[in-house]
Amino acid sequence: MNYVASPWAVGIFVAFVAMVLAISYHFARRTKTAAGYFAAGGQIHWSVNGVAFAGDYLSAASFLGICGMIATYGYDGFLYSIGYLAGWVVALFVVAEPMKRLGKFTFTDALDAKFNSRGIRLMGAISTLLVSLFYLIPQMVGAGTLVTPLLGLPHEAGVVMVGVIVVLIVATAGMASTTYVQFLKGGLLIVFSLVLVFLVLSRGLTTAPDQGGNVPAHRYATVAVSDVTDDSLTVVDPAYTLGAVLHSGPLVFVRLEKDGESSYWKLDAATSVLTETETILVKADGTTLYNGAPKAEGRFFQVGNMSDIGGDADITLTTMDLLSFSAAIKSGTVVRWGKASVPDGTDHVTIFYQKPTSGSDVMAPGLKYKVDAAKGATTADRLNFISLMLALFCGTAALPHILIRYYTVKSPEAARKSTIVAIATIGLFYLLTLYMGLGAMTSGVLDLTNDNMAAPLLAKSFGISIFAVISAIAFATVLGTVSGLIVAASGAVAHDLMDRLSKKGLAEKKKVTAGKIAAIGVGAVAIVLGILFKSMNVSFLVGWAFAVAASANLPSIVMILFWKRTTSQGVIASITTGLVASLGLILLSQETFDLVYHVQATAPVPVSNPAIFSVPLSFLALVVVSLLTKGRAKAVIPAAPAEAEAVAAAEGAAAEGVEAADD
Amino acid sequence: MSHGPATEWKEDGASAYKTRLGVIMFLVYAAVYAAFILIGVFAPSWMRADVGSLNVAIVYGFGLIVLAVVLAFVYNHLCTLAERRAGKKEEIL
């Protein structure tokens, strides 16, 4: 798909970035202490913090990744929405108030509150850094994805731009500016997602989507054939001549020639019909043709529509509601698209072909995650599904950039209330994702080469203004989440490693400086990773980050709160086991072999999400090692009554006044 | 360098009650969530069963999101009541 920047889109985008930088500059002047830099002085109002939680959490994975996955796989993409929100239940009921009670700047503080152990600090910091980096990759990929249609710049430019802006935000004002950027972006994302869903429902559904009359509906051509054998056939229409028959597994494609131009078709042997496809042809000399023409010619057809609704192949339904929209899709057939890569002589062609799928399949699990044994799902497929849902459930309450937000409010009660605001806000957004995804799936707006673009392209079908605003918000989404992650990572380096691991500790000013330098370093690494992982679905990548967080962090957090026999050695063993097991299983999984290493081999690990193995292993390591080391390692400080902890803590925080708050 | 809380707050007399309540509500939600996964894995055809014009998958999925929000508000209400009760008790003492 060709993307051309519009001045309107560029203007809104620039205004957004300017506003974000102005917020950072404003708070930079008021951020002098470590408490101010890493925890916004603990003075953020719970309602602001709650929406900022939503801003942190509704990252590129949620907006771009989930909408893209629903647009591609239907209900299976919505499973991410369900799992992501369920994770907040763990955060609210189990983690929120105790985390606030025990910690100061980072989640390692809370882990270490009972033990004062250098080993816990070291492993907590390493875990924070690794999880943050894993979570940073999809955000940066999302940034690159957005900047192409918005500004007409290449992916790499988007990644570098986000990296530089975020480092500026974080290095100037830390958590205070990050919080207000998140608040702004979280609020805007919810409002404009509501607007987008309202527009989708108002336009309704049709079997010939024309993007509001702006782009004529494209009817994919069919050609009858006869005398079909393995390597030949006869085209009934004499205007076409047979070029080649190509095989890709069980699929058969045909190259036809007409008026000196080649085109590729998919054979349906049962009906002896060829159906038009979309192609990217890379010739031996390096020339790339899109549907037989150079990219500049823009020969792209509409992708994503319903071929029938309730059995009617020529129907338009307008002004729908949530129920009638879902029911109409369930009653019809959605044209999804498959992809095959085949050599054609010295050329190589990537063929995108239509896969009509019944609406009842689209609206139920199974198109991405195979769970039905009757349809060929294996035990590994089912474990994969369970593992993903476990990772999403357990991961939220263990994400460092979420956990540090508990330290930006005044009290445990405020932490709880801000979590509830977050759940309500995020829950509403996730309900909307289903309709944004299904809207993109059926509106003829999809880009077959990039499923992350589904939501912005859906917005574009309603006009350039809404597209510009949605894209700018999505870009701000990336900025905000990356800022939060970099604050978490820089806290791990400056507070957990440099300050508390060293015997003398750092002075306030030096700690802030160390945090800023760490932010620049982490930002640079994130830029490189964002470019390397360009082609992967951002929601899929976030699934990995959740698995690592759930495996490395959650068992320790839960057991420290609920099992009195937990020892510092047990916590260290749990974090180490969780990290090694989850990362090891990811690196040896089939998905990594296929999508990252690009090797054609059977991977030793059959599941692509490790949580089902690594989370129990991490729990087991904690229990076994704690029992073995019981008596050898006693807690240094009894489990923190609030006041004793608070007295020991308040240095610098009271002086820091980011904003007067009450709750 | 201390690693205690960054701000100061009053002692929380309702802490034990809130922890117990949180665990109970977590277990309730976890059970409903686990049932969703198990149905998906062991009886996927149930997910396709009609519920009005929708199906079990859509209704259950939406239900999980709405249930989380409802439980969150109930939890906050009960915690706030407990905190008020604990506050009054302290005043009397």
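The values are calculated or read from the model by the stated rules, or taken from the named source; none is laboratory data. This structure is a prediction, so every number in the text was calculated from the model and none was measured. All Cβ positions, even for glycine, are placed from backbone atoms using ideal geometry, and neighbour counts span all protein chains on display. Heavy atoms of the whole protein, side chains included, go into the accessibility calculation; ligands, DNA and RNA do not. Shrake-Rupley method; radii C 1.70, N 1.55, O 1.52, S 1.80 Å.
Summary table below
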{"quantity": "Partner chain coverage, peptide A:110-120 - average Cβ within 10 angstrom", "calculated": "1"}
{"quantity": "Probe 1.4 Å, accessible area per residue of the stretch A:175-219, Å²", "calculated": "38 Å²"}
{"quantity": "The stretch A:244-291 versus the stretch A:399-463: alpha-carbon centroid distance in Å", "calculated": "39 Å"}
{"quantity": "Shielding by partners - mean other protein chain Cβ count within 10 Å, residues of A:386-398", "calculated": "2"}
{"quantity": "DSSP H segments from chain A that extend 30 Å or more along their own axis, Cα-based, with Kyte-Doolittle mean of -1.0 or above", "calculated": "A:7-28, A:118-151, A:155-203, A:412-442, A:464-491, A:508-532"}
{"quantity": "Förster-model FRET efficiency, 56 Å R0, A:Lys355 and B:Arg85, C-beta, rounded to 0.05", "calculated": "0.40"}
{"quantity": "Length added when fully stretched, A:Ala208-A:Asp227, from 0.36 nm per residue minus Cα-Cα", "calculated": "3.6 nm"}
{"quantity": "Tensor-based shape of the stretch A:279-375 (alpha-carbon gyration tensor, a/c under 1.5 rounded, otherwise prolate or oblate)", "calculated": "oblate"}
{"quantity": "Accessible area in square angstrom per residue, the stretch B:15-92, 1.4 angstrom probe", "calculated": "52 Å²"}
{"quantity": "Extreme residue, positive dipole direction of the stretch B:15-92, given options B:Leu81, B:Gly63, B:Pro44 (C-beta unit charges)", "calculated": "B:Leu81"}
{"quantity": "Separation in nanometres of the label points that stand 7 Å from Cα toward Cβ, at A:Thr513 and A:Ala284", "calculated": "6.3 nm"}
{"quantity": "Rounded, prolate or oblate (a/c below 1.5 giving rounded, otherwise prolate when a/b exceeds b/c) for the protein assembly as shown by Cα gyration tensor", "calculated": "prolate"}
{"quantity": "Modelled FRET efficiency - R0 45 Å, B:Ala16 with A:Val580, Cβ distances, 0.05 increments", "calculated": "0.80"}
{"quantity": "Positive-end residue, the stretch A:312-375 charge dipole about Cα centroid, Cβ charges, pick of A:Val349, A:Thr319, A:Leu367", "calculated": "A:Leu367"}
{"quantity": "Mean Cβ count within 10 Å, highest first, over the residues of peptides A:456-467, A:560-571, B:24-35", "calculated": "A:456-467, A:560-571, B:24-35"}
{"quantity": "Chain A - charge dipole about Cα centre, Lys and Arg +1 at Cβ, Asp and Glu -1, debye rounded to 20", "calculated": "3100 debye"}
{"quantity": "Amide H partners (placed H, <5 Å) of A:Gly152, local residues excluded", "calculated": "A:Ala5"}
{"quantity": "Protein accessible surface hidden between B and A, which excludes ligands and nucleic acids, total in Å², probe 1.4 Å", "calculated": "5300 Å²"}
{"quantity": "About the Cα centre, charge dipole magnitude for the stretch A:222-379 (Lys/Arg +1, Asp/Glu -1 at Cβ), debye", "calculated": "660 debye"}
{"quantity": "Interchain or long-range residues, amide H under 5 Å from A:Leu446's placed H", "calculated": "A:Val303"}
{"quantity": "Cut-off 12 Å between beta-carbons: net charge of the residues surrounding A:Ala54, Lys and Arg +1, Asp and Glu -1", "calculated": "+1"}
{"quantity": "Estimated [θ] at 222 nm from DSSP helical runs (n ≥ 4, -39500 (n - 2.57)) normalised by residues in the protein assembly as shown, nearest 500", "calculated": "-19000 deg cm²/dmol"}
{"quantity": "Table column - 3J(HN,Hα) (Hz), the stretch B:32-40, Karplus curve with 6.51, -1.76, 1.60, x for Gly and Pro", "calculated": "5, 5, 4, 4, 4, 5, 5, 4, x"}
{"quantity": "Euclidean distance between Cα centres, the stretch A:166-225 to the stretch A:88-133, Å", "calculated": "35 Å"}
{"quantity": "Projected label distance in nm at A:Ala15 and A:Thr319, using a 7 Å step from Cα toward the beta-carbon", "calculated": "3.1 nm"}
